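What follows is a set of notes on a single structure, which appears directly below.
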Amino acid sequence: MNSAANAPSSPKTAPPSGIPGIPEMLPDYSLRARNSFGFEVLAKQAYSITHADQICAVIEDIEAAGLPWRVLGDGSNVILPPLLPGVTLLMDIAGQAITQQDASGAVVSVGAGVNWHDFVIWTLDQSLPGLENLALIPGTVGAAPIQNIGAYGVEVGEYIQSIEAYDCHLKTLVEMPASDCAFAYRNSIFKAHPNRYIITRVHFYLPAAWTPRLRYADLAAAFASDHVPTAEEVMVAVCKIRNRKLPDPKLIGNAGSFFQNPVVEQSQYLRLLEQFPELVSYPEGNEHEGKRKLAAGWMIDRCGFKGLRAGAVGVYQHQALVLVNHGGGTADAVLALAKTIQDNVQDTFGVPLLLEPICY
Ligand code: FAD
Ligand code: NAP
């Protein structure tokens, strides 16, 4: 996604014996094409990381210079200010391969910089179903574990076997089994501890046994009740639904859902239901916990924000959970609109809405 405005300042030094050296520093690097809001953003210094072995040396240099830093995939879940100080690491590690396969399933190893949707298509081309409900989610494979991406009742953590990452505390590459990643609803150890782990590679386990997962009404409605769809058919249906309901960031800037769906205690849910009988909600977690996930999009719509425009930014007309940049918007403008929405939802429902994208 590198912008044409970003010509490198000097030619790359040829690394000895095929081991990649420290990548060249890209000064004043435009991230206009690398954040899905399409904000005008300049990274003071950027490095394109194409190999895990480059990270250790780059981080040592950054820390010796005392500079702030952050990692960026494709920028589809971030809110970036006009100037990003310090160093931005662009995760561009490529490559995907089946590393083990038997009658029960396959292990697939994928570089952090691989495009997520391209990877989902590739798994289906290899006759490895499982990830089709997560088709068309923007971003990179390396970012997918950060908020444990989810859609239509499937979460990526269910299919992750282990993760390779540079551990900035231990200053070495580590391999973490999924059981150490604290995957939860739109959360993980990586989101809880920003700047500790830089994910370089993800190992997926895709079991051969497969049945379509059609719990969500939109997806179930795409198929006749007596038809058991193939994984490819599910993927095509997911893409159609998403294209119908969600704005394409290439045409209208956005970061997907701007707020997380709040999860509340059963007692609070029942009080709200008395006041708002049409409240949209779903059971969350195991049945003994009795928690309820409230549809934040419905609450925002109920407060009258759907389709609202505030200068260059606004609320998407077909999905109130998505804030958009109509062109020329900024992080400040979208955050001001978000604050107004949060205050209204709090006043109306007594429920705080948390931001989903990461704000820098
Ligand atoms: P970025 O936005 O670049 O980064 C996100 C965070 O991850 C940042 O904090 C960054 O520092 C960190 N990060 C990125 N790469 C690494 C790495 N290699 N190592 C360590 N940290 C890293 N999300 C869903 O869960 N479900 C959806 O259905 C969904 N639909 C979306 C639809 C649209 C139209 C859009 C715009 C977004 C949607 N999202 C969805 C959000 C987003 O696509 C995902 O969160 C995606 O995984 C972000 O990937 P990215 O490469 O763009 O990450
Ligand atoms: P939708 O199907 O209209 O559903 C609205 C909300 O209700 C969603 O937030 C979803 O929760 C919840 N929901 C619907 N059916 C459910 C069920 N059977 N069980 C539990 N929860 C249910 O949502 P949509 O906006 O069209 O999005 C479709 C899917 O894509 C959702 O899973 C959504 O999370 C995902 N998506 C995510 C982003 C993002 O940026 N995070 C952006 C676009 C779409 P969940 O959100 O928990 O699934």
Check your understanding: Going by a ≥ b ≥ c, the root eigenvalues of the Cα gyration tensor, does the chain fall in the rounded group (a/c under 1.5), the prolate group (a/b larger than b/c) or the oblate group?
Key -> oblate
Point to revise | Amide H contacts under 5 Å for Thr200, placed H, 5+ residues apart | key: Glu164, Ala165, Tyr166
Study note, to complete from the structure: If the chain between Gln101 and Glu287 were fully extended at 0.36 nm per residue, the gain over the current Cα-Cα distance would be 63.4 nm
**Study point:** Among Thr330, Thr88, Thr348, residue whose mean-square fluctuation peaks in a GNM of the chain (springs only between Cα atoms under 10 Å)
**Key:** Thr348
Check your understanding: If you add up the charges near Glu265, with Lys and Arg at +1 and Asp and Glu at -1, over every other residue whose beta carbon is less than 11 angstrom from its beta carbon, what do you get?
Key -> +1
Point to revise | Extension gain from Lys171 to Glu158, taking 0.36 nm per residue of separation minus the Cα-Cα distance | key: 1.9 nm
Exercise for review: With a length cut of 18 Å (Cα positions projected on each helix's long axis) and a Kyte-Doolittle mean of at least -0.5, go through the chain and give me the DSSP H helices that pass.
Suggested key: 53-65, 231-245, 331-349
Exercise for review: Please say if the range 94-207 is rounded, prolate or oblate, where rounded means a/c under 1.5 for a ≥ b ≥ c the square roots of the C-alpha gyration tensor eigenvalues, and otherwise the choice is prolate for a/b larger than b/c and oblate otherwise?
Suggested key: prolate
Exercise for review: Return the calculated 222 nm mean residue ellipticity for the chain, to the nearest 500 deg cm²/dmol, obtained by summing -39500 (n - 2.57) across DSSP H runs with n ≥ 4 and dividing by the residue count.
Suggested key: -6500 deg cm²/dmol
**Study point:** Theoretical FRET efficiency, 1/(1+(r/R0)^6), r = Cβ-Cβ of Arg196 and Lys44, R0 22 Å, to 0.05
**Key:** 0.45
Revision key, fill the gap. GNM of the chain, Cα pairs under 10 angstrom: of Val87, Val264, Val108, the biggest fluctuation goes to Val264
**Study point:** Cα-based shape type of the range 188-327, given that a ≥ b ≥ c are square roots of the gyration tensor eigenvalues and the cut on a/c is 1.5
**Key:** rounded
Practice item. Report, ordered by chain and residue number, the lysines lying within cross-link reach of Lys293, taken as a straight Cα distance under 30 Å and ignoring same-chain residues fewer than 8 apart. Key: Lys191, Lys240, Lys245, Lys306, Lys339
Revision key, fill the gap. Residues whose modelled amide H sits under 5 Å from the amide H of Ile79, counting only those 5 or more places away in sequence or on another chain, are Ile358, Cys359, Tyr360
Check your understanding: Which of Gly153, Gly113, Gly142 moves the most in a Gaussian network model of the chain with Cα springs under 10 Å?
Key -> Gly153
Exercise for review: Go through the range 104-206 and name the chymotrypsin sites (Phe, Trp or Tyr not before Pro) that are in a DSSP coil and have 16 or fewer other Cβ atoms within 10 Å of their Cβ.
Suggested key: Tyr185
Practice item. Express in nm, to one decimal, how much length is gained between His318 and Leu251 on full extension, taking 0.36 nm for each residue of separation and deducting their alpha carbon distance. Key: 22.6 nm
Revision key, fill the gap. Residues Cys168, Cys359, Cys181 in order from fewest to most other beta-carbon atoms within 10 Å are Cys359, Cys168, Cys181
Review point. What fraction, in whole percent, of alpha-carbon pairs in the range 26-91 exceed 14 Å separation?
Key: 55
Review point. Label Glu233 and Asp218 with points 7 Å out from Cα along Cα→Cβ: what is the distance between them in nm?
Key: 2.0
Practice item. Show me 30-42, 74-86, 235-247 ranked by packing, highest mean number of other Cβ atoms within 10 Å first. Key: 30-42, 74-86, 235-247
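Each value in this text was obtained by applying a stated rule to the coordinates, not by laboratory testing. Treat the numbers as computed from the prediction; the structure is a model and nothing was measured. Every residue, glycine as well, gets a Cβ built from its backbone with ideal geometry; the counts of neighbours run over all protein chains shown.
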